[in-house]
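Colleague: Before we start, here is the structure in question, set down as structure tokens.
The values are calculated or read from the model by the stated rules, or taken from the named source; none is laboratory data. Please read all numbers here as calculations on a predicted model, not as lab measurements. FYI the Cβ positions are ideal-geometry reconstructions off the backbone, even for glycines, and counts take in every protein chain you see. The accessibility values were calculated without ligands, DNA or RNA, using every heavy atom of the protein model including side chains. Shrake-Rupley method; radii C 1.70, N 1.55, O 1.52, S 1.80 Å.
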Amino acid sequence: MMTSLAYERHGDPAAPSVLLLGSLGSDRRMWSPQIVALSPIADVIAVDHRGHGESDSVAGAYTVPELAGDVLTLLDELGVDAVHVVGLSLGGAVGQWLAAHRPERVRSLTLLCTAAVFEPAQQWRDRAETVLADGVGSIADQIVGRWFTADLAQRDPELVQRHVAMVSATSNDGYAGSCRALAEFDGRADLARIVAPTLVIAGAQDPATPPETMRELAEGIADADFHVLDPGAHLVNVEQAGRVTALIRAHITRSEQVGVYRSAAVEVGMRMRRSVLGDAHVDRAMSQATAFTQPFQDFITRTAWGDIWARPGLDHHTRRLLTLAILTAVGNEHELDMHIRAALRAGMDPDELIEVFLHTAVYAGVPNSNRAFALGKQALADLGD
Ligand SMILES: O=C(O)CCC(=O)CC(=O)O
């Protein structure tokens, strides 16, 4: 079930849209520093997740795809097509889902103090129980204790009190439902699907999603730009408002410049192509392109990679297996050799290649699979297995 979200919108609606998605227990006021600083250059849309701030609350467990669905509904209502997504923690999980499953709606992605999996899951289930029994207010001090470094909290008790009040105002159902969304969320397999230019920012003293967790997240996303800000705890966008805003602003500007020179579809496709085939192969193909072949390069980048490989219905691993089987069956040795090598470089187990080629032998003929085994053997030797 979709829920109508409260939001505020600032800046120029004709400028690129920036969508701000906050943490568990926050409302859109947590983005005040970024709203003020980004609205002169952007169309800034700051959102309250369901059950948070002024958005409607729903009882029961939420899921990250549902929270993302709420956001997509809001963007559709506003007539906003693609956005620069900026998400912190829970908002970052929603951002990851949008970038992996609706890549055409995400012009760039900024992930702050978040994770691809929030472990241990049981802590979120326990926290949901506590909140439903005793109210969010009962844990608000403890939560905000992780949002700012001890130094900042000591220097600015009023800031702490404002944020404790923000957490306490979150509905019990909204907080508990979102805890359950975090418990179930596991975006690790989706990271390789993310093709939006991605900026990842950690707080050096964040106890909830520490820099090591953020580094792993950044390493899972092709070409992600990773920064650790010190000092900074879980709400690094508040403690390091100036640096965070400057990084986001530069990231958005860079992503927009890329978009000026390439159509969005080619850009999405190019990132997908690089994440599946590897930079070395794509760089080689692009450097060999001529005025005669460039239209074909753009065509396959836009269609095969931007339209089909980017579709959310099948994961990349399944698409690789299908591609290997089809290329074996039709006997296209050149493409098959390329996909075997790309699959091995991406970590596919050679035992899976054996199964694909045996399976194809049954349905499409022994000679083609015989050739596939020979290509696989050579690729394994060349790649040093
Ligand atoms: O309250 C915490 O311990 C951190 C909460 C968290 O990681 C999820 C969020 O802030 O959205």
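Colleague: Please arrange 323, 290 by accessible surface area, largest first, computed with a 1.4 Å probe and ligands excluded.
Modeller: If we order 323, 290 from most to least accessible, we get 290, 323.
Colleague: Per residue, what accessible area does the chain have, given a 1.4 Å probe and all protein chains present, in Å²?
Modeller: For the chain, the per-residue accessible area is 44 Å².
Colleague: Report the convex hull volume per residue for segment 288-352, counting only C-alpha atoms, in Å³.
Modeller: 105 Å³
Colleague: Once you put a point 7 Å from the Cα of residue 382 and another 7 Å from the Cα of residue 250, both along the Cβ direction, what distance in nm separates them?
Modeller: Reported label-point gap for residue 382 and residue 250 is 3.9 nm.
Colleague: Can you compute 3J(HN,Hα) from phi for each residue in segment 310-325, using the Karplus curve 6.51 cos²θ - 1.76 cosθ + 1.60 with θ = phi - 60°, rounded to whole Hz and x for Gly and Pro?
Modeller: 7, 5, x, x, 10, 6, 5, 4, 5, 5, 5, 4, 4, 4, 4, 5
Colleague: Which three lengths, in whole Å and largest first, does segment 252-385 cover when its Cα atoms are put on their principal axes?
Modeller: 50, 32, 27
Colleague: Using only the alpha carbons of segment 144-268, what is the convex hull's orientation-averaged projected area in square nanometres?
Modeller: For the Cα atoms of segment 144-268, the hull's average projected area reads 9.2 nm².
Colleague: Run through all the Cα pairs of the chain and give the fraction in each 10 Å bin from 0, expressed as whole percent.
Modeller: Answer for the chain: a P(r) of 5, 22, 29, 21, 13, 7, 2, 0 percent.
Colleague: For segment 312-384, what D do you get in µm² per second when you plug the Kirkwood radius from alpha-carbon pairs into Stokes-Einstein at 4 °C and 1.567 mPa s? Spell out each step's value before the answer.
Modeller: Details: Rh = 12.0 Å.
Approximately 108 µm²/s, per Stokes-Einstein.
Colleague: Over segment 56-197, what percent of the accessible surface lies on carbon and sulfur atoms, probe 1.4 Å? Don't jump to the answer; show the numbers that get you there.
Modeller: Details: 2530 of 5320 Å².
Taking all protein chains in place, segment 56-197 shows 48 percent carbon and sulfur surface.
Colleague: Just the number, please: carbon plus sulfur as a percent of the accessible area of segment 245-333, 1.4 Å probe, no ligands or DNA/RNA counted.
Modeller: In segment 245-333, the share of accessible area belonging to carbon and sulfur is 61 percent.
Colleague: Additional query: Any idea what angle helix 64-78 forms with the longest principal axis of the chain, computed on alpha-carbon atoms, 0 to 90 degrees, nearest 10?
Modeller: With both axes taken from Cα atoms, the answer is about 80 degrees.
Colleague: Then there is this: Just how much of residue 317 is accessible, in Å², when a 1.4 Å probe is used and the result is rounded to the nearest 10?
Modeller: My reading of the accessible area for residue 317 is about 80 Å².
Colleague: Between residue 150 and residue 366, how high is the FRET efficiency from 1/(1 + (r/R0)^6) when r is the Cβ-Cβ distance and R₀ = 51 Å? Nearest 0.05.
Modeller: 0.15
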